[in-house]
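One structure coming up, written as structure tokens, with questions to follow.
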Amino acid sequence: MSPLRAYRDLRLFLGQRHPHQVLFGLLAIVVTGLILGGFYHDSHFEKPYKRNIIYVEQWRADRSDAEILAQQKIDMKIKAKQIAEFEAAREKRRAQFERIDNQLTAWGF
């Protein structure tokens, strides 16, 4: 491909078109470019820094089995509470979606 022949082909193509066709063709290219540029600009965002700190409990190496079991019972209560909170939030969210689904069904969607 030579640039000279490409230029000649472009002049020939544009010479066979009416001026309003060339204008609308250029406008179509500009609008498409603006839309794609907008998507490209909008797709870039700074990821917020979030600290990921993991705390670890340090235990004595000479703990007895009774101490271990007592701590496990305490931890089970805490974990059960966290699971119950999670399930309650999940059930609340499910109820919200069910309400929306019922409304959409009533509207015929």
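Quick one: which residue in ASP42, ASP9, ASP75 is in a helix (DSSP H, G or I), of a type outside the set (Phe, Trp, Tyr) and loosely packed, with under 10 Cβ neighbours inside 10 Å?
Of the residues listed, the single one that is in a helix (DSSP H, G or I), of a type outside the set (Phe, Trp, Tyr) and loosely packed, with under 10 Cβ neighbours inside 10 Å is ASP42.
Would you check if there is a residue in region 52-62 being assigned to a helix (DSSP H, G or I) and open to solvent by 80 Å² or more (accessible area, probe 1.4 Å)?
no
The values are calculated or read from the model by the stated rules, or taken from the named source; none is laboratory data. Please read these numbers as outputs of a predicted model, since none were measured by experiment. All Cβ positions, even for glycine, are placed from backbone atoms using ideal geometry, and neighbour counts span all protein chains on display. With ligands, DNA and RNA removed, areas are computed over all heavy atoms of the protein, side chains included. Shrake-Rupley method; radii C 1.70, N 1.55, O 1.52, S 1.80 Å.
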